[in-house]
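Notes for the one structure printed next.
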Amino acid sequence: MELFNYNGNGMIHLIVGPMFSGKSTELFRLTNRHILASKSVIIVKYEKDNRYDEELASTHDKKTMKAIGALHLKNILDKIKNYDVIGIDEGQFFDDIVEVSEFLANCGKIVIVAALDGDFQRRPFKTIINLYPLCEKIEKLHAVCRSCGGFASFTFRTILNSEIEVIGGEDIYKAVCRVCYLKFKDELNAKQKEMKIYKEMLNKERFTNEILCSTNDNENLDPAMCA
């Protein structure tokens, strides 16, 4: 990407935190301030997240703003580069978030990114970590622990699924504090072990039944047929 029309007003503002911490709400608040200041604003959402509406970015409490969907930011760069302010929701899902955000900021644009900084296993999203040193401003938001009511910094997935990209809301995720995260993790690991043992028992029983059936079938055969 070639640099165009550089000026010193560009910046990257990163908003991170667990799910349900108000990242999208803060993104909406900041972009609305720029709208009041007569700046042109566009919101970009992750195309696969269509839980609420294909043309709206939404918070978990159903606040919405008109948005365009994309799988890759480069695919819509020619459109979004014409705006003063670009808000990007669910930034962790865009593999080109670093390159495009830096490009836009160097072109004098204000880029506001709302993203998870860690996944359900508390491992960092590499794209967001790589964005950190390029930002003028970084906000870490926190949620309320849905178990104890404490200070929640982490996202816990309540279902047994190891895939990183599983889009959902309170049906499969909850914000938790450190203590509750470790407690729920132990409980989920115990459940996973129980399921593994159960599956092994089923497989063993199925194998035993197959052997018995095979033995019975052979016993019922006419010896002449085996000649």
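Only the coordinates and a few stated rules stand behind these numbers; no lab work does. It should be emphasised that the depicted structure is a prediction, and the values quoted were computed from it without experimental measurement. Here the Cβ is made from the backbone with ideal geometry for all residues, glycine too, and neighbour counts use every protein chain on show.
What translational diffusion coefficient, to the nearest whole µm²/s, does the range 11-141 have by Stokes-Einstein, given a Kirkwood radius computed over alpha-carbon pairs, a temperature of 25 °C and 0.890 mPa s viscosity? Mind dumping the intermediate values first?
Values: Rh = 14.4 Å.
Once the numbers are plugged in, D ends up at 170 µm²/s.
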Exercise. Between their Cα atoms, which of Lys45/Lys137; Lys48/Lys79; Lys48/Lys137 are more than 25 Å away from each other?
Worked result: Lys48/Lys137
Problem set entry | Inter-site label distance for Arg178 and Cys148 at 7 Å from Cα along Cβ, in nm | 1.0
Seminar exercise, completed: Taking placed amide H atoms and a strict 5 Å upper bound, the residues 5 or more places from Val113 or on another chain that come that close are His13, Leu14, Ile15, Ile88
Problem set entry | Inter-site label distance for Leu71 and Arg33 at 7 Å from Cα along Cβ, in nm | 3.6
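Could you calculate the FRET efficiency of Met201 with Glu163 from 1/(1 + (r/R0)^6), where r is the beta carbon distance between them and R0 is 35 Å, rounded to 0.05?
Working: r = 26 Å, r/R0 = 0.75.
Efficiency for this residue pair is about 0.85.
Could you work out the per residue convex hull volume over the alpha carbons of the range 91-171, in cubic angstrom?
106
How much length, in nm to one decimal, is gained on full extension between Glu170 and Ser40, taken as 0.36 nm per residue of separation minus their Cα-Cα distance?
Stretched fully, the Glu170-Ser40 segment lengthens by 43.5 nm.
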